[in-house]
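Peer 1: Please see the structure below; I have some questions.
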Amino acid sequence: MAEDESGFIPLVFSELPQKEMHRRATEFHELMDKRRTTRHFSSREVSSKLIETAVKTAGTAPSGAHLQPWTFVAIANPDLKMRIRRAAEEEEEKFYAERMPEAWEEVLTPLGTDYVKEHITDAPWVVVLFRHSQRQRSNGEWAPTYYSQESCGIAAGMFIAAIHNMGLVTLTHTPSPMRFLGEILERPEHETAMLLMPVGYPSESAMVPQLQRKALEEILIKKE
Ligand code: IYR
């Protein structure tokens, strides 16, 4: 494929037959509909290759001005996981005891969460997604990134889908505040921790809340 002077190349796109499109669409939905978030992880090992592949998949996400404003830190080291858990629990204990507003409690209580975060030490891997609020030019100067929240949100979604597709589970955990993650993981100032995702097998007694997903009619408005 010849490169154009403008730096553009032809799009690689292979059209699928209609029937195949419908088959794949349904199959993918059925797969994703089986995804559940659990807080109960087995400590069974997971190959680091699988984590690498999930991060590579996340790294295919579209991003504002293609700045790819993300860093994934994948932690298997038990001491680091323990330090993260202790710090997360310290913050979460204050949140659950003092900081949680009543309206928040109303929707969180049915999900049975509390300040104890054993998933951080149980899971073989903890992946922390850091969002870049700034980028460094090649001359060392700093400049903004664009739509980094949206970009990292999309990348996180793709990571979650990749983990589910490979037969593992993850949990989107947002310890609040999560500044401690940058400190423990020694990330630079322009990177802000956004999401902590334990990854692994579910424990044999893993539970999930009995939830209902909204019906299509509740989430889709068609204007034809
Ligand atoms: N960050 C806390 C609280 C929490 C908030 C929401 I919104 C959740 O969906 C679940 C938990 C925690 O992780 O426990």
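Coordinate-derived values only; no laboratory data. Values in this document were obtained by computation on a predicted structure and should not be read as measured data. When we count neighbours, we look across all protein chains shown, and the Cβ atoms used for this are built from the backbone with ideal geometry, even at glycine.
Peer 1: If you take every residue apart from Leu16 with its C-beta less than 10 Å away from the C-beta of Leu16, what net charge results, scoring Lys and Arg +1 and Asp and Glu -1?
Peer 2: +1
Peer 1: Hey, another quick one. Quick one: which residues, 5+ away or cross-chain, put their amide H under 5 Å from the amide H of Phe41? H built at 1.01 Å from N.
Peer 2: When sequence neighbours closer than 5 places are left aside, the close amide H contacts are Ser203.
Peer 1: Highest GNM mean-square fluctuation, the chain, Cα pairs closer than 10 Å: which of Leu181, Leu16, Leu129?
Peer 2: For the chain, modelled as a Gaussian network with Cα springs under 10 Å, the answer is Leu16.
Peer 1: Among Ala58, Ala97, Ala162, which one shows the biggest mean-square fluctuation in a GNM of the chain, springs joining Cα atoms closer than 10 Å?
Peer 2: Ala97
Peer 1: Given the C-alpha centroids of segment 18-35 and segment 72-105, what is the distance between them in whole angstrom?
Peer 2: Taking the Cα centre of segment 72-105 as reference, the centre of segment 18-35 is 36 Å away.
Peer 1: Turning to a different aspect of this structure: Given a Förster distance of 25 Å, report the FRET efficiency between Gln136 and Leu80 from their Cβ-Cβ distance, rounded to the nearest 0.05.
Peer 2: Working from the Cβ atoms, E equals 0.45.
Peer 1: Percent of Cα-Cα pairs more than 18 Å apart in segment 22-130, please.
Peer 2: Here the long-distance tail beyond 18 Å is 67 percent of all Cα pairs in segment 22-130.
Peer 1: What are the ³J(HN,Hα) couplings of segment 175-188, residue after residue, when phi is run through the Karplus curve with 6.51, -1.76, 1.60 and θ = phi - 60°? Round to Hz, x for glycine and proline.
Peer 2: Running phi through 6.51 cos²θ - 1.76 cosθ + 1.60 with θ = phi - 60° gives x, 10, x, 10, 4, 4, 5, x, 6, 5, 8, 6, 8, x Hz.
Peer 1: Let me know the charge dipole size of segment 93-194 about its Cα centre in debye, to the nearest 20, where only the beta-carbon of Lys, Arg (+1) and Asp, Glu (-1) is charged.
Peer 2: Numbers: 8 positive and 14 negative charges, 93 e Å.
The dipole magnitude comes to about 440 debye.
Peer 1: Tell me the label-point distance for the pair Lys223, Ser14, using the 7 Å Cα-to-Cβ offset, in nm and rounded to one decimal.
Peer 2: Modelled inter-label distance: 3.7 nm.
Peer 1: Report, in deg cm²/dmol and to the nearest 500, the calculated mean residue ellipticity at 222 nm for the chain, where each DSSP H run with n ≥ 4 adds -39500 (n - 2.57) and the sum is divided by the residue count.
Peer 2: It comes out at -11000 deg cm²/dmol, rounded to the nearest 500.
Peer 1: Near the amide H of Ile75, under 5 Å away, which other amide H atoms are found, from residues 5 or more places off or on another chain, if H is placed in the peptide plane?
Peer 2: Placed amide hydrogens put Val126, Val127, Val128 under 5 Å from Ile75.
Peer 1: I would also like to ask the following. What residue among Glu93, Glu118, Glu30 shows peak mean-square fluctuation when the chain is described by a Gaussian network model with Cα springs under 10 Å?
Peer 2: Glu30
Peer 1: So what J values fall out for segment 146-159 if you push phi through Karplus, 6.51 cos²θ - 1.76 cosθ + 1.60 with θ = phi - 60°, rounded to Hz, Gly and Pro as x?
Peer 2: Computed from phi, the couplings for segment 146-159 are 10, 6, 5, 5, 5, 4, 5, x, 5, 4, 5, x, 6, 5 Hz.
Peer 1: Using unit Cβ charges (K, R positive; D, E negative) and no other charged atoms, how large, in debye to the nearest 20, is the dipole of the chain about its Cα centre?
Peer 2: Result for the chain is approximately 380 debye, rounded to the nearest 20.
Peer 1: OK, next. Mind listing the long-range amide H neighbours of Ala193? Cut-off is under 5 Å, sequence gap 5 or more, other chains count too, H placed in the peptide plane at 1.01 Å from N.
Peer 2: For Ala193, whose amide H was placed from the backbone, the distant partners under 5 Å are Arg131, Gly182.
Peer 1: Restricting to lysines 8 or more places apart or on different chains, can you count the pairs in the chain with Cα atoms under 20 Å from each other? Display every interim value, and only then the final one.
Peer 2: Working: Lys34/Lys214; Lys49/Lys81; Lys81/Lys117; Lys94/Lys117; Lys214/Lys222; Lys214/Lys223.
Counting lysine pairs in the chain gives 6.
Peer 1: Quick one: Cα convex hull volume of segment 113-161, Å³ per residue?
Peer 2: Output value, Cα hull per residue: 149 Å³.
Peer 1: The chain: D in µm²/s via Stokes-Einstein (Kirkwood Rh, Cα pairs, 25 °C, 0.890 mPa s)?
Peer 2: 123 µm²/s
Peer 1: Now for a different question. Please compute the modelled spin-label separation between Gln149 and Asp33, points set 7 Å along Cα→Cβ, answer in nm with one decimal.
Peer 2: Result for the modelled spin labels: 3.2 nm.
Peer 1: May I ask you to sort Lys214, Lys94 by Cβ crowding, counting other Cβ atoms within 10 Å and putting the fewest first?
Peer 2: Working: Lys214 8, Lys94 14.
So the ranking, lowest neighbour count to highest, is Lys214, Lys94.
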